[in-house]
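The values are calculated or read from the model by the stated rules, or taken from the named source; none is laboratory data. Keep in mind that this is a model prediction, so the values were computed, not measured. Using ideal geometry, Cβ is built from the backbone for each residue, glycine included, and neighbour counts are taken over all protein chains shown.
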Amino acid sequence: MNSVIRIALQKSGRLSEDSYQLFKECGIRFDYGTGKLKSVSSNFPAEFLFLRDDDIPGYVEDGVADLGIVGENVAVETARNVRTIHKMGFSKCRLSIAIPRGETWSGIQQLQHKNIATSYPRLLGNYLAGEGVQANIHEISGSVEIAPSIGLAEAVCDIVSSGSTLLSNGLKEVEVIFRSEAILVGAQTISDEKQALIDKLLFRIKAVQAAKN
Ligand code: PRT
Ligand code: ZN
């Protein structure tokens, strides 16, 4: 039987360009863009699915995809049963707590019984539990940084990279709770034939990464 590995990539977003570029540098050709949701490589036994990043861990857990590239923050937050195969070294960012710029920060205990807005309730909840802080976590799916200025929360917990979004919303970063980068995830069980293809792919990825360092 001729196996083909299915790889889930983010359709369009902060992971996409680097993911597409990586496969190109690995010499694996496939078409993307133009609204395509699926593409078969012309020179490697791989099929690519283009999805929203949040859906990737679930597709991999269910075995619909054999591999996926996703932010570690999303992989942990979705808590799907997938294994981390490799760190990709791009889309680096951090998940941080931020408060209004004019306020003083005396430490995480300051958030005891306060309201915190986030799209990452699990990661935040685990962190606060570890610190012994009980807070009200308000889960919102986007524009988290606006929450303090509209009176929804005293603090936010969101992804930061350059820090300019926090700055332009009058917030300051006070505590990093998680550091993230893109990771290659895979299903917990895989056939020997597919594992051989994954090993071949991984060999090329490592060679591309080594050439850059
Ligand atoms: O449509 P889809 O659901 O697929 O995409 P998405 O909008 O949910 O995700 P996307 O493309 O924004 O991010 C994908 C992944 O990239 C994230 O899960 C992170 O792992 C990683 N990443 C790296 C980032 C950032 N940098 C980043 N800066 N994800 C989000 N941001 C946002 C952040 O939420 C905030 O609004 O950018 C803003 C902060 O950026 P700075 O530079 O102003 O600090
Ligand atoms: Zn998303």
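Tabulated values for the structure
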| read-out | value |
| --- | --- |
| A98 vs. criteria in contact (Cβ under 8 Å) with a residue 60 or more places away in the chain, outside the structural domain of R14 (by TED's automatic domain parsing) and within 16 Å of ligand 1 (Cβ to nearest atom) | yes |
| Subset of region 52-61 (residues that are surrounded by 19 or more Cβ atoms within 10 Å (Cβ to Cβ) and within 12 Å of ligand 1 (Cβ to nearest atom)) | D53, D55, I56, P57 |
| Total residues in region 62-73, condition buried (at least 24 other Cβ atoms within 10 Å of the Cβ) and either β-branched (V, I, T) or part of a helix (DSSP H, G or I) (or both) | 2 |
| Within region 22-36, tally of residues that are within 15 Å of ligand 1 (Cβ to nearest atom), modelled with pLDDT of 95 or more and loosely packed, with under 13 Cβ neighbours inside 10 Å | 0 |
| Region 103-147, subset assigned to a strand (DSSP E or B) and out of contact with any Ser or Thr (no Cβ under 7 Å at 6 or more places or on another chain), residue nearest to ligand 2 (Cβ to nearest atom) | T118 |
| Of all residues making up region 125-148, the number that are in contact (Cβ under 8 Å) with a residue 40 or more places away in the chain and under 21 Å from S164 (Cβ atoms) | 2 |
| Hey, V185 closer than 29 Å to K24 by Cβ, touching a Pro at 6+ places or on another chain (Cβ under 8 Å) and among the β-branched types (V, I, T) or not | yes |
| The lone exception for W105 - which of (1) outside the structural domain of L197 (by TED's automatic domain parsing); (2) within 25 Å of N2 (Cα to Cα) it fails | (2) |
| Single unsatisfied condition, I198 versus (1) crowded, with 17+ Cβ neighbours inside 10 Å; (2) assigned by TED's automatic domain parsing to the domain that holds A98; (3) assigned to a helix (DSSP H, G or I) | (2) |
| Candidate set from region 74-93 (those that are more than 16 Å from ligand 2 (Cβ to nearest atom) and closer than 14 Å to E181 by Cα); member that is surrounded by the most Cβ atoms within 10 Å (Cβ to Cβ) | M88 |
| Pairs with Cβ under 9 Å, 6+ apart, first in region 43-71 and farther than 16 Å from L202 by Cβ and not assigned by TED's automatic domain parsing to the domain that holds G33, second in a loop (DSSP other than H, G, I, E, B) and near ligand 1 (Cβ under 10 Å from one of its atoms) | none |
| Set S3, S16, S39: member being polar (S, T, N, Q), on the phi < 0 side of the Ramachandran plot and within 16 Å of ligand 2 (Cβ to nearest atom) | S16 |
